[in-house]
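The values are calculated or read from the model by the stated rules, or taken from the named source; none is laboratory data. Note that this is a predicted model, so its numbers are computed, not measured. Every residue, glycine among them, receives a Cβ derived from its backbone with ideal geometry; neighbour counts consider all protein chains shown. Heavy atoms of the whole protein, side chains included, go into the accessibility calculation; ligands, DNA and RNA do not. Shrake-Rupley method; radii C 1.70, N 1.55, O 1.52, S 1.80 Å.
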Amino acid sequence: MSKAGRLVVLVSGSGTNLQALLDASADPSYGAQVVAVGADREGIEGLARASRSGVPTFVHKLGDYPSRQEWDAAIAEEIAAYKPDLVVSAGFMKILGAPTLDAVPVLNTHPALLPSFPGAHGVRDALAHGVKVTGCTVMLADAGVDTGPIVAQEAVPVLPDDDEAELHERIKTVERRLLVDIVGRLAREGWTVSGRIVRIGNPSGGESK
């Protein structure tokens, strides 16, 4: 069974999910602590949030490396230096490579009910399809795009007059709460993975990942 006490959080923008995790981890009973925040670009609010909380930060810009493989290796080495139990991809707009995915579990979120509407435009695609219910997914990342084992999901109704921005904002509110809840539970209760089935707090029925 794996547990997730030490968190490295990766961001690419404003860092609202990061802030929710920072706020939650201020309570010792939460069970998890953000030990570092990484980014793929400089000058973003997510890094500023980390600095204001006294959390170490690092930046690895893809364009600074001759190849994607070298970027993968560099960011994996930086993450490993903080000895995390779990990496949280919180609005991080890059797919992590094998050097990270093979070394530590990575948790990701998506603004749709996977496996429906994967990819960069999950909210827009759900609206275009005319669904009446969408939502958000918390998953363990793998090498694909939004294809990893699902940890938790929560539904969000689509209202008749919703546009993409309005619907996405309601999904993000649910997503932040769900992410904080799941990270805390993973830290306190542990988890196992058997195939595509993730069980929280159940030491039987699967192998730790």
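Things to note:
- L96 vs. criteria touching a residue at least 12 places away in the same chain (Cβ under 8 Å), farther than 22 Å from A76 by Cβ, under 17 Å from the mean Cα position of the chain (by Cα) and assigned to a loop (DSSP other than H, G, I, E, B): no
- Residues being assigned to a loop (DSSP other than H, G, I, E, B) and either among the aromatic types (F, W, Y) or open to solvent by 20 Å² or more (accessible area, probe 1.4 Å) (or both) are entirely absent from the range 167-183.
- Selection status of F92, closer than 24 Å to T16 by Cα, buried (at least 22 other Cβ atoms within 10 Å of the Cβ) and at pLDDT below 95: yes
- Test: residue in the range 53-72 that is part of a loop (DSSP other than H, G, I, E, B), within 25 Å of A24 (Cα to Cα) and out of contact with any strand residue (DSSP E or B) (no Cβ under 6 Å at 6 or more places or on another chain): yes
- With respect to being hydrophobic (A, V, I, L, M, F, W, C), under 18 Å from V180 (Cα atoms), in a helix (DSSP H, G or I) and within 17 Å of the chain's Cα centre (by Cα), A76 falls outside the description.
- When residues in the range 54-70 are screened for being touching a residue at least 24 places away in the same chain (Cβ under 8 Å) and more than 14 Å from L18 (Cα to Cα), 3 of them pass.
- Some residue of the range 54-72 being out of contact with any helix residue (DSSP H, G or I) (no Cβ under 6 Å at 6 or more places or on another chain), among the small types (G, A, S), surrounded by fewer than 18 Cβ atoms within 10 Å (Cβ to Cβ) and within 22 Å of V145 (Cβ to Cβ): yes
- Residues of the range 103-142 that are more than 16 Å from the chain's Cα centre (by Cα) and on the phi > 0 side of the Ramachandran plot: F117, G130.
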